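Each remark here refers to the structure printed beneath this line.
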Amino acid sequence: MEKELAQFKLSDEDDMTFLVEVDRPPVTSGRGSGVQRVAVPGTNQLVIEASQSLEAALNQVRPVISEVVSQMKSGLTTPADAVEVTFGLKLAAEAGVVFGSVGGEVTFEVTLKWSKDQG
């Protein structure tokens, strides 16, 4: 898939932006569809304007992460002392942040740790 630069705002509260290489969004037709392009300040380069800030996108992911950790902590007969969840996030200009996939699947790697003898 072809790549393109997208400009994300850091938060909805300020104008600080950063550039990210993303998959080129599909070309759509029709009124009001497609992506907006904006100029990078101080250059003539046009980039895709992300539909939401990084802050807003991460706010959508937090409940999923919280639920995975909560279920791993409370759903065990012998609760773990530590729960570690590893997953991939991908920035997308139109969708914000999405869980990254490999081969069409999203994978969560979960590590449970017990620091003392539970016997």
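Brief remarks on what is shown
- MET72 satisfies every condition listed in (1) free of Cβ contacts under 8 Å to residues at least 40 places away in the same chain; (2) in a helix (DSSP H, G or I) except (1).
- Scope the stretch 18-32; condition within 18 Å of GLU4 (Cα to Cα) and modelled with pLDDT under 85; matching residues: ASP23, ARG24, PRO25, PRO26, VAL27, THR28
- Filter pass, PRO79 being assigned by TED's automatic domain parsing to the domain that holds GLU109 and within 16 Å of the chain's Cα centre (by Cα): no
- Qualifying residue in the stretch 79-95 (condition: in a loop (DSSP other than H, G, I, E, B), within 30 Å of VAL35 (Cα to Cα) and out of contact with any strand residue (DSSP E or B) (no Cβ under 9 Å at 6 or more places or on another chain)): yes
- Yes/no for GLY42 being in a loop (DSSP other than H, G, I, E, B), at pLDDT 80 or above and over 20 Å from the mean Cα position of the chain (by Cα): yes
- Restricted to the stretch 96-119, and to residues there that are out of contact with any helix residue (DSSP H, G or I) (no Cβ under 7 Å at 6 or more places or on another chain) and not in a loop (DSSP other than H, G, I, E, B), the residue that is modelled with the lowest pLDDT is VAL102.
The values are calculated or read from the model by the stated rules, or taken from the named source; none is laboratory data. Everything numeric in this text was worked out from a predicted model, so none of it was measured. When we count neighbours, we look across all protein chains shown, and the Cβ atoms used for this are built from the backbone with ideal geometry, even at glycine.
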